[in-house]
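Have a look at the structure below, then the notes.
Please treat every number below as a calculation from the coordinates, not as lab data. Fair warning: this is a prediction, and the values are worked out from it, not measured in the lab. So basically every Cβ, Gly included, is an ideal-geometry build from the backbone, and we count neighbours across all protein chains shown.
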């Protein structure tokens, strides 16, 4: 037996047995010390008390040994004011006063300050074995238990080492290292005695907190046991190029057995390598740290998928466009707008213009276009005619097919020999250009031609033939080729952005568009040769570039082309059908003669004595004699030759094809604007519908406005701060409308005019009059 020991007494064993049988815990509450009666002795299990007890107090602690669970450790601290005796024995007492265990204690003197000259706290620790330590319970009176300073400091150090928050380390590793000797880590020279967070060992079980040494490294005191290395352990890293000033934590879940469990550390806060700055796109890790940044300029760069693809966008643009691919539009200048191609019979690449090929296909191919190409229709020098489509006026025609012109004959001898046409004198060289007749291809006509009873008219010589034409204005016909600014079939994002920013319409500024009513729609001006102020319609002014201006037009104004009463003819543009023409130039019509009093069997006869009525019946327009200088008219039936304008029996006129009267308007702006700026209210009104305020008026009545009365004949200035539109219609009487220096007087007036900001306007009514007008406010 050892020199010093602890025995369970027989009474204690009996008490323990009874507690086990009853299923109740063993309750220990006090410890006593004695001087052994003045000498050291060997206690026996039969003891029921100490030989001589000198002090008794409550137990401070009772706990199991870490290595041997059947061992119990009992602790007590005797305060400094107690003492003046030796301690040679001790006893553990139950709450019922039974001596549970007796201790043989090494002889020690417990001084007391009052009599011994010094004092000290006396700490006693006793170890005893029990068959079931889990049943033993310590009853402690917190009001009297005291702890030694050493115990407290040791206890605190031990407990603090178990906390998740650890003392900071100097550096954290970035790769596998040898856990020995001083070395360079993350740009820092690590010396012996410095703490290091090891995070990247090949064997992750070796990760953890270490203290560097000249020899083998050892784990840090606060992380050298399983109880001290717990999930969520955190530690700050002080220095390092990559990991300096960062906070790390252990993400391994428990239970953890140090040296066996793989330990995984991650940076919770700190540097990620991204430079300070402003970024449109960030990559963020699971801790909310920005680990990467970029400033993309494309949707793909942002990773946006909830949007339309290029083909989908093109399809929507094609469907939503007010002017679909394949539409034909006239332009009064040689500049081809974006999105269009001149209709010149040229060969184009399918890859470059896939949308247009999808519409045209190979309809106009003639052979020899080559693989991957298609041909455009030819419009140069041609008039466009509406497709018959079952009406019965122009039978047997296919859309896009060409048709020869109506032939006119000219007698160049000047003799009244029975041919009912124009006498051109002896000049054979210039009858076509002088008299408004186009050259024809004889192969397009039958070999024998009947002209007023005479056969065999030749292409040269005394008899000459040509193709009649109406008066016309040369324009460049273009075909809509694509629906977005593209190149080689790919969307040009830059150009598309420009288009969107400028609110471009599908119909470009400068395009001539026909309308079957006399009302000018928003965004257009009637092509009536009038002047407009450049600042009001800057885009149209830039396109026309003073092409139609004449001497005397004011500075800062642009004149529109004249289309009233005119046919539009495709610009020749080098084809040779109508040579010498400039885009926008006017051309006189082909002149024909009419004998108003000839036999019914002969051609071009009206049997009317009145020359004007004859022209109307025969379908001819009146001609300007000044355009046909030197032309004489040859009568038939022995009628004498006469000069223009002719006699009651022999007159003349200008040919025209079947036609429909429409109002040609020119695209003037691409959004409701005034002074070159977007009128937001106007744009809203155009989308949602204009607000009309009709007012019935008669002679002497007033024109009502939302702000003040408007009196017939009075001149007003638009001071509303935005453009207004006025529409006027009458059933009787007459109306004179004046706006910005332009005056219209009519007895059948139905028109709309825009009054820009600061512009004067008035409406004057005759007496009596039945009229209404509407003031349209964007």
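General observations
- Take the Cβ atoms of residue 621 and residue 714, set R0 to 45 Å, and the FRET efficiency comes out at 0.65.
- When you restrict to C-alpha pairs under 8 Å that are six or more residues apart and normalise by the size of segment 164-269, the relative contact order lands at 28 percent.
- Its relative contact order, with pairs defined as Cα atoms under 8 Å and 6+ residues apart, puts segment 298-400 at 22 percent.
- Based on C-alpha pairs under 8 angstrom that are at least 6 apart in sequence, segment 1-102 has a relative contact order of 39 percent.
- Protection-proxy order for peptides 652-663, 526-537, 298-309, each taking the mean of Cβ atoms within 10 Å per residue, highest first: 526-537, 652-663, 298-309
- On a per residue basis, the convex hull of the C-alpha atoms belonging to segment 18-67 measures out at 148 Å³.
- Extension gain (nm, one decimal) between residue 48 and residue 338, 0.36 nm per residue minus Cα-Cα: 92.8 nm
- Over 22 Å [Cα-Cα, segment 164-269], rounded percent: 20
- Residues residue 582 and residue 404, FRET efficiency given R0 of 45 Å [Cβ-Cβ distance, rounded to 0.05]: 0.95
- The modelled label-to-label distance between residue 299 and residue 123, using points 7 Å beyond Cα along the C-beta direction, is 7.6 nm.
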